[in-house]
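Read the structure below first, then the notes.
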Amino acid sequence: MKEDAVYRRLLGYLKPYWKQLVIAYFSMLFATLLNLFVPQIIKDAIDNGLAAGDPRALFVAGGIILGIAVVRGAAGFGQLYFGEWLTHRVSYDLRNHFYNSVQALPFSFHDRTLTGDLMSRATSDITETERFVGIGLMGLISTTLLLVGVIIAMLLESVQLSLLGLIPIPLLVVATIRFGNTVRPMFKLIQEQMGVLSSTMQESMTGINVVKAFAREPHELAKFDQENNEWFDRRYGLIKVWADNWPLFTFLVAASIFLLLWFGGPVALEGEITVGSLFALISYVLMLGGPVQRLGFLVNLAATAGASAKRVFDIIDTPSEIEEQEDAVWLDRVDGSVTFQKVDFGYREDLEILSNISFHAEPGQTIALIGPTGSGKSTVTNLIPRFYDPTAGQILVDGVEIRSVQVQSLRKQIGIVLQDPFLFSQTVAENIAYGRPNASMDEIIAAATAARAHGFITEMPEGYDTRVGERGVTLSGGQKQRVAIARALLTDPRILILDDSTSSVDTETEHLIQEALAVLMEGRTTFVIAQRLLTLKSADMILVLDNGRIVQRGTHNELLAAGGLYREIYDLQLKDQEAFVALEAEMGNRQ
Ligand code: ADP
Ligand code: MG
C-alpha cells in the first residue's frame with residue numbers, strides 16, 4: 001500500500017463522525033485565530049496607551065486580553081474534548097475492525113505469524129494510530145494554520161520588515177521536511193522491533209514450564225534483553241536525530257528576531273513604524289518558535305501513525321478465511337459420508353504433504369488413521385472442516401463438494417476432540433456449552449454424564465460453576481479431554497475427528513475416556529488418529545499413511561495378514577497392548 005493511501009484510509013475512519021469533527025475543528029480554528037489577535041491588542045496598548053500616555057487604553061487592552069482568554073478557553077475545551085473523543089472513537093472502530101479480521105484469518109496465516117506480533121499490532125500500533133488521527137492531525141492542521149496566519153499578520157504589519165524577519169523561515173521549513181524524511185523510516189523499524197519484542201515475551205510466557213524445567217531463565221532474559229536493547233538503540237537513534245535538529249530550529253527563530261531588531265529597530269526609531277508594530281512583529285516571530293517545533297513532533301507522530309496503520313491494515317487486508325464461493329449453499333444436516341478424490345495438499349506451494357489421497361467413508365463408519373509421525377494424519381483431518389483447501393482433487397460430504405457449501409454450515413456438523421483440548425477461562429458449564437451457548441443446564445449435565453465427566457465436575461468446589469483455565473481450577477489432561485468430549489456431544493455433530501494419540505493418563509482414566517468416546521462415536525462418521533489397538537480393531541477401515549500417501553487400507557485382520565507397514569507398526573508398538581485388549585474384552589463380557 002502506498003503511503004498516502006494509508007493516510008487517506010485512516011481519515012476514512014473519521015467520516016462517520018463528521019459532526020464531532022466539525023465542532024472540534026471549528027473550535028480549533030477559533031482558538032488559533034484568537035491567538036493571532038493578541039499581539040495586535042498589545043500593539044494598541046503600547047502605541048495608544050504607553051506612548052500616548054493614556055491609561056484608559058491600557059485598561060481596555062488588558063480587559064480584551066482577559067476576554068480573549070475566556071473565549072479561547074471555551075474553544076480550547078471544545079477542541080480538546082471532541083479531539084479526544086474522536087481519537088478514542090476511531091481507535092474503538094479500528095480495534096473492532098482489526099479483531100474481526102483476526103477472527104476471520106485463515107489457519108495458514110496463523111501458521112506464519114507469531115501471536116506476539118499480532119498482539120503488538122493490536123495494542124501499540126493501534127495506540128500510535130489513534131493518537132494521530134484525533135489530536136495529532138488536528139494539531140498538525142492548527143499548527144500549519146497558525147504558521148500561515150502569523151506570516152500573513154506580519155505582512156499586514158510591515159511587508160518590508162516581515163520579508164526581512166522571515167528570511168530564516170524557508171530554511172526552517174526545509175529543515176523540518178528533511179527531518180520528517182529521516183525520521184519516518186526509523187519509526188517503521190521501531191514499530192517492527194516492538195513486534196519482535198512482544199513475540200519474544202509472549203513465547204517465553206507461553207512456554208514458561210519448559211523454561212523453568214530446563215532452568216533457562218537466564219537465557220530467556222538474555223534473549224529478551226537483546227531484543228529490548230535493539231529497541232532502545234532504534235529509539236535512541238531517533239532521539240539523536242531529533243536532538244540534533246532541535247538547536248537548529250531554535251537558532252533559526254533567534255536569527256529572525258535578530259534581523260528584526262538589528263534592521264527594524266532603527267526603522268522604528270526613525271518613526272516609520274510604531275514601537276507597537278515592532279513589538280507585534282517580534283511577538284509573531286516568537287509565536288513561530290513553538291509551532292515549528294511542534295511541527296517536528298507532529299511530523300513524528302504522523303510518521304509513526306503511518307507505519308503503525310500500515311501494519312494494522314496489513315492484517316485487515318489479509319484475505320479472510322478460505323474463499324467462499326458466491327453461490328455457496330447452506331449445508332443441511334448430513335448423513336455423514338465423506339469422500340476424498342485424488343486429493344493433493346501442501347501447506348506451502350513448494351512442498352507437497354499429501355499426494356493422491358482417495359477413500360470413502362459411509363455414514364457412521366469409523367476410519368482409523370495410522371502411520372509414522374509426520375506422515376500426514378492430522379493434515380488429512382484438517383482438510384475435512386476446510387481449515388485448508390486441497391491443491392488438487394475434491395472432498396465430498398454426502399456427495400457434495402465441500403467448497404460449494406458455506407463454511408459455517410460445514411463446520412457446525414463436525415466435532416473435533418484434540419489430544420490436548422483448549423479450555424477457556426470460564427466456568428465448566430460454559431466450556432461445555434461453547435459450541436451451543438443456548439444449551440440448557442439439563443442438556444449440559446446430560447452431555448457431561450455421557451462423557452463420564454459429571455463425577456469429577458460435581459466434586460469440584462463449585463461444581464459446574466467452577467472456573468477453569470488460566471485463572472481458575474487446573475484440570476488434568478484426562479479431565480480436560482472429557483470436558484472436550486462433552487462439548488462435542490452437545491453440538492451433536494455428524495462427523496467426528498479425534499486425535500486419540502496415547503495421552504499419559506492412568507488406566508482407569510483411560511477406561512473412562514474410552515467409554516466417553518464410545519458414546520460420542522455412536523452413529524457418527526468418525527476419523528480417529530489412533531494409537532490404541534482397541535480402536536484399530538473396531539475400526540471399519542484403517543488407512544495406513546506413509547509420507548503423505550495411503551500405502552495400505554483395510555481392517556485390522558486384513559492388514560495384519562497382508563504384512564507391510566501396518567504389520568511393522570503392530571509388531572513395534574501395538575502388540576504390547578494385546579494383553580490389555582484381552583482384559584478389556586473379558587470385562588466387557590462379564591458386564
Ligand atoms: P502426523 O499427524 O501424521 O504426525 P502431520 O499431518 O501433522 O503429520 O504433518 C505432516 C507434514 O506436514 C509434516 O511434515 C509436518 O511438518 C507438516 N506440517 C504439519 N502442519 C503444518 C503447518 N501448519 N504448516 C506447515 N507444515 C506443516
Ligand atoms: Mg498429528
query: What list do you get for L252, L286 if you sort them by fewest beta carbons within 10 Å?
result: L286, L252
query: Of all GluC sites (Glu not before Pro) in region 472-578, which ones are in loop regions per DSSP and have a Cβ with at most 15 other Cβ atoms within 10 Å?
result: E522
- prompt: Using 1/(1 + (r/R0)^6) with R0 = 25 angstrom and r between the beta carbons of A243 and E3, what's the FRET efficiency to the nearest 0.05?
  reply: 0.45
statement: Of all DSSP beta bridges with both partners in the chain, the antiparallel percent, nearest 5, is 50
- line: Of the listed links K342/K480; K212/K575; K19/K188; K412/K480, those spanning more than 29 angstrom between alpha carbons are K342/K480; K212/K575; K19/K188
query: Tell me, in nm to one decimal, what length is gained between D233 and S358 on full extension, where the rule is 0.36 nm per residue of separation less the Cα-Cα distance?
result: 39.4 nm
message: Using each residue's phi in region 34-46, evaluate 6.51 cos²θ - 1.76 cosθ + 1.60 at θ = phi - 60° and report the 3J(HN,Hα) Karplus result to the nearest Hz, with x for Gly and Pro.
response: 4, 4, 5, 7, 4, x, 5, 5, 5, 4, 4, 4, 5
task: Which order do the peptides 25-33, 121-129, 95-103, 312-320 take when ranked by the mean count of other beta-carbon atoms within 10 Å per residue, highest first?
output: 121-129, 25-33, 312-320, 95-103
- prompt: Each residue of region 60-75 in turn: what ³J(HN,Hα) in whole Hz from Karplus with 6.51, -1.76, 1.60 and θ = phi - 60°, glycine and Pro shown as x?
  reply: 4, 4, x, x, 4, 4, 4, x, 4, 4, 5, 4, 5, x, 5, 5
field: J(HN,Hα) series, region 133-149, from Karplus relation 6.51 cos²θ - 1.76 cosθ + 1.60, nearest Hz, glycine and proline x
entry: 4, x, 4, x, 5, 5, x, 4, 5, 5, 5, 4, 4, 4, 4, 4, x
message: Can you give me the long-range amide H partners of G393? Hydrogens built in the peptide plane at 1.01 Å from N, cutoff under 5 Å, separation of 5 or more residues or another chain.
response: D344
- line: Exposure proxy check on E130, E192: fewest-to-most Cβ neighbours within 10 Å is E192, E130
message: Starting from the 7 Å offset along Cα-to-Cβ, what nm value, one decimal, do you get for the label separation of R178 and F424?
response: 5.6
- line: FRET efficiency for L351 and E510 from the Cβ-Cβ distance with R0 = 35 Å, rounded to 0.05, comes out at 0.45
statement: Over the chain, the sum of -39500 (n - 2.57) across DSSP H runs of at least four, divided by residue number and rounded to 500 deg cm²/dmol, gives at 222 nm -20000 deg cm²/dmol
Magnitude of the charge dipole, region 36-123, Cβ model with Lys/Arg +1 and Asp/Glu -1, debye to 20: 140
Rule-of-thumb Rg ratio for the chain [Cα; 2.2 N^0.38 Å; N residues]: 1.44
field: Rounded to the nearest 20 debye, dipole of the chain from Cβ charges on Lys, Arg, Asp, Glu
entry: 1680
field: Neighbour-count ranking [beta-carbon atoms within 10 angstrom, fewest first] of K412, K223
entry: K223, K412
query: If you wrap a convex hull around the Cα atoms of region 217-272, how much volume per residue is inside, in Å³?
result: 64
- request: Specify the inter-centroid distance of region 1-36 and region 376-408, based on alpha-carbon positions, in whole Å.
  value: 48
statement: Between Y99 and L286, the FRET efficiency computed from the C-beta separation at R0 = 41 Å comes out, to the nearest 0.05, as 0.30
statement: Subtracting the Cα-Cα distance of V275 and H88 from 0.36 nm times their residue separation yields 62.6 nm
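No value in this document is a laboratory result; all are computed from the given coordinates. Computed from a predicted structure; not experimentally measured. Glycine also receives a Cβ, built like all others from the backbone with ideal geometry; neighbour counts cover every protein chain displayed.
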